Each structure stands twice: as C-alpha cells, then as structure tokens.
Amino acid sequence: MTRRVVVTGVGTVNPTGLDVATSWDAIQNGRNGIGPLTMVNPDDFPAKVAGEIRDFTIEDYIDRKDARKMDRFTHFALVASFEAVKDANLTIDDSNAERVGVWIGSGIGGMHTFETQHEMFQKRGYRRVSPFMIPMMIPDMAAGQVSISLGAKGINSCTVTACASGANSIGDAFKVIQRGDADVMITGGAEAPITNMALAGFSANTALSKNPDPQTASRPFDLERDGFVISEGAGILVIEELEHALKRNAPIYAEVVGYGATGDAHHITAPAPEGEGGARAMQQALDDAGLQPTDIQYINAHGTSTEYNDKFETAAVKTVFGDHAYKLAMSSTKSMTGHLLGAAGGIEAIFTILAIRDSIIPPTINYETRDEVCDLDIVPNEARKASIQAAISNSLGFGGHNATLAFKKYEA
C-alpha cells in the first residue's frame with residue numbers, strides 16, 4: 001500500500017513578507033511585494049525593479065559568526081525552515097533524527113558569495129579569498145546547513161533544475177517518503193539572485209521586465225507583459241507520512257498526492273511549442289494522484305509574465321484539461337512576489353496549499369489588457385472565494401525542466 005504524505009508545516013521569507021501569515025495576507029489582498037531595485041545600481045541595467053527582501057536581519061535568527069559563513073540564499077532557507085518546523089510542532093531528537101530528511105533546491109546558489117569573493121581575488125589575490133567560499137556558494141549548502149542546524153540526519157539532497165528547483169525538490173522529497181526512506185522531509189527552495197552578474201545575464205537574454213513601475217511590472221497573462229521581475233527568498237514545507245503525523249497529533253494543511261517531472265528536449269531557455277513538456281508534467285501528476293482533469297479546481301501557474309511562458313503554459317493547460325480548462329481557475333502569484341527562480345516552486349506550493357485550506361483563490365494582479373491566446377480564467381486583480389478539493393502548482397525551468405505538484409484537501 002502506498003504511504004500517504006501530508007503537509008504539516010510551512011515557512012517562507014519572500015518579498016511580500018518574512019513569514020507565512022504576513023505573506024498569505026498580502027497574497028489574498030493583492031498586495032505587491034515588488035519595489036525599486038536597490039541591491040545593485042539600477043543605472044547599470046534596463047530592469048529597474050525587483051522583489052527584494054527588506055527589513056531582514058539574519059542575526060535575529062542565528063549567531064553572527066555562523067551567518068558570515070553562509071550565503072544569503074542559505075539564510076533564507078534556514079529562516080523559512082525554522083518557521084516550517086515550528087509550525088509543524090516537530091521536535092527532532094535522537095529518537096527520530098535518522099528518519100527526518102532535508103531536500104532543498106536552488107537554481108543558482110551563492111551568487112553573492114561568488115561575486116564578492118571574485119572581486120576580492122582580483123584586488124588582493126587568492127590568499128584573501130575566504131576558505132568558506134566554496135561551501136558558501138554551492139547550491140546544496142542550504143540543505144546542508146538546515147540539516148546541521150536542525151539535527152536532521154536522514155537523506156540530505158538538493159535538486160538544481162533552474163526555476164523548477166523548488167517544485168522538483170518537493171516532488172523528490174514526496175517520493176522519498178512514499179517509498180519508505182524517511183518519515184518526515186523538510187523541503188522546498190531558496191534563492192538570492194539579485195546581484196550584478198545575475199542581473200547582467202538575465203538582462204542580456206532580455207528576460208527581465210523593463211517596466212520601471214514596481215506596481216505594474218509583473219503582469220502575467222496580460223497582453224502588455226514584457227518580462228519577469230527577479231526576486232529572492234525561500235519557501236519551505238514540512239511533509240510527513242500520514243500515520244506518523246497522526247500519531248503525534250500534527251496539524252495537517254493538505255495532502256500531497258501527485259508529482260510530474262518531464263524534459264522538453266527542445267531549447268535551453270524557450271519552452272517547447274504549445275507547452276508540450278509542461279502538459280506531460282501536468283498529466284503525470286494527475287495520473288500519479290489518481291485524479292481526473294475535472295477533479296482540479298485551481299492551478300497555481302508558473303506564470304512568469306514573459307511572452308512565451310504565459311502563452312505556452314496556457315496552451316498546455318488546454319491540452320491536458322480540454323473543456324474543463326475554461327471552468328477551473330488559474331492564477332499567478334508571481335504578479336505579487338515576482339519570480340523567485342529556484343525558490344518559486346516552494347513558495348507557490350505554500351500558496352496552493354493555503355488556497356485549499358482557506359477556500360480562497362489568489363488573484364493575478366496588474367491584469368488590464370486581454371491577450372487572446374491567454375484566455376483562461378486567471379482570477380484578475382481580486383481574490384475569489386471558492387471550495388477547492390484539489391489543485392496543482394506548475395514550475396518550469398531553463399533547460400526544459402517541467403515540474404507539477406498535485407495537492408488535495410485532507411480527508412481521513
């Protein structure tokens with residue numbers, strides 16, 4: 001018999017808030033977390049806005065000496081993990097540590113560390129480069145530091161699939177529990193990509209919005225969309241084998257029921273025509289969950305606010321859901337958070353779970369001009385009350401990575 005997996009804790013640090021309660025309140029009410037670009041000189045780039053995390057001080061959570069040995073993306077992962085574990089009322093000790101694992105993805109890893117240490121090398125030579133540079137920079141270190149800080153001794157891993165990293169990590173962790181290799185997994189994604197070289201690279205490939213207005217730059221599915229808004233943060237879930245959760249009387253948000261992961265085999269940055277790979281990921285997740293297309297009431301879209309993503313994701317949904325595509329709701333919370341790259345799948349999984357719990361569908365804000373090829377119900381500008389029994393969350397990444405997670409309202 002397949003082991004059932006439920007979500008028992010959630011934690012986040014993102015541009016709309018430094019915790020889940022603040023973030024979810026913002027998302028329900030359509031409040032934008034995007035602001036002027038300040039972490040680098042905006043005069044150097046065509047993009048002028050970003051989803052920066054303000055009023056965040058890592059020393060409020062961990063010792064300053066330890067914090068200096070970690071990159072910013074790891075800081076975010078730690079804080080979100082602390083919140084998720086506390087929310088799950090989970091104690092990790094000698095009795096269970098070997099059955100608690102960590103699987104946290106990052107698309108890029110420690111860009112801040114790489115750039116500051118490269119500058120140090122150029123100015124003063126290798127002897128002045130930090131001996132912690134490599135462990136600070138590598139993408140798996142968020143998972144490593146969370147494991148160390150919390151004492152989780154089970155499987156410890158990291159999925160790196162660009163902007164699908166967070167969703168793939170949750171799906172991979174889900175399968176770890178299903179097959180019996182762990183009872184609890186701390187999982188999601190973390191990213192801190194607002195750096196000169198990251199902005200330069202995304203600007204060079206014309207992926208970023210040039211709209212200078214923070215309130216309207218991220219506009220998924222709108223005809224006037226012109227690129228994504230780069231953001232930072234983390235989204236972490238505690239997922240758990242059902243009987244294990246029930247035995248300790250853990251809170252249960254929703255059930256994880258399906259996971260789909262595919263490759264486009266098409267292009268390094270552009271999605272496959274008509275979203276063919278994304279469609280297969282959605283179908284895989286439905287099949288894995290034993291759900292029919294008509295069972296889904298809500299899709300949290302990847303919805304990046306780029307021309308091709310929004311068009312082809314819409315086409316993919318139509319391929320999988322047929323006539324039902326016009327009856328379900330599909331919104332993009334990136335309209336408020338911007339695009340957290342490898343952390344996007346983690347935070348959007350949280351919003352999908354909370355939508356199920358609270359029977360409310362988040363809006364796609366900044367929607368003004370209809371695009372005839374993006375003609376599904378994107379819940380424009382205002383949240384909507386609706387009973388949600390099952391929902392999916394999509395994440396797509398450079399390299400042709402597609403990931404879909406399926407969640408259901410928990411029923412005993």
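Quick notes
- Matching residues, region 402-412, being aromatic (F, W, Y) and assigned to a strand (DSSP E or B): F407
- Pick from region 274-310, criterion among the hydroxyl-bearing types (S, T, Y) and over 20 Å from A254 (Cβ atoms), ranking: farthest from the chain's Cα centre (by Cα): Y308
- Leading residue by the ranking (surrounded by the most Cβ atoms within 10 Å (Cβ to Cβ)) among those in region 268-291 that are part of a loop (DSSP other than H, G, I, E, B) and modelled with pLDDT of 95 or more: L291
- Subset of region 68-86 (residues that are buried (at least 18 other Cβ atoms within 10 Å of the Cβ) and touching a helix residue (DSSP H, G or I) at 6+ places or on another chain (Cβ under 7 Å)): M70, D71, R72, F73, T74, H75, A77, L78, S81, E83, V85
- N381 passes every criterion in (1) touching a residue at least 60 places away in the same chain (Cβ under 8 Å); (2) crowded, with 21+ Cβ neighbours inside 10 Å apart from (2).
- Cβ separations smaller than 6 Å between residues 6+ apart or across chains give the following pairs from region 99-125 residues that are of a type in the set (D, E, K, R) to residues that are surrounded by fewer than 17 Cβ atoms within 10 Å (Cβ to Cβ): E115/M197.
- In this structure, G346 does not satisfy being surrounded by fewer than 23 Cβ atoms within 10 Å (Cβ to Cβ) and under 25 Å from T159 (Cα atoms).
- Exclusive hit being in contact with a Phe, Trp or Tyr (Cβ under 9 Å, 6 or more places away or on another chain) and in the same structural domain as A234 (by TED's automatic domain parsing), set A152, A143: A143
- Qualifying residue in region 153-172 (condition: among the charged types (D, E, K, R) and touching a helix residue (DSSP H, G or I) at 6+ places or on another chain (Cβ under 6 Å)): yes
- Hits in region 33-67 - residues which are without any contact (Cβ under 8 Å) to a residue 24 or more places away in the chain and either acidic (D, E) or surrounded by 14 or more Cβ atoms within 10 Å (Cβ to Cβ) (or both): P42, D43, I58, E59, D60, Y61, D63, D66, A67
- Flag for M330 being without any contact (Cβ under 8 Å) to a residue 60 or more places away in the chain and among the hydrophobic types (A, V, I, L, M, F, W, C): yes
- Residues of region 48-69 that are at pLDDT 95 or above and in contact with a Pro (Cβ under 9 Å, 6 or more places away or on another chain): K48, V49, A50, G51, E52, I53, K69.
- Residue that is under 16 Å from A173 (Cα atoms), buried (at least 22 other Cβ atoms within 10 Å of the Cβ) and not aromatic (F, W, Y), where the choices are G227, G235: G235
- Consider region 296-326 and keep the residues that are without any contact (Cβ under 8 Å) to a residue 40 or more places away in the chain and of a type outside the set (A, V, I, L, M, F, W, C). The one that is surrounded by the most Cβ atoms within 10 Å (Cβ to Cβ) is H324.
The values are calculated or read from the model by the stated rules, or taken from the named source; none is laboratory data. As the structure is a prediction and not an experimental result, all values here were calculated from the model. Ideal geometry is used to build each Cβ from the backbone, glycine not excepted, and the neighbour counts take in all protein chains shown.
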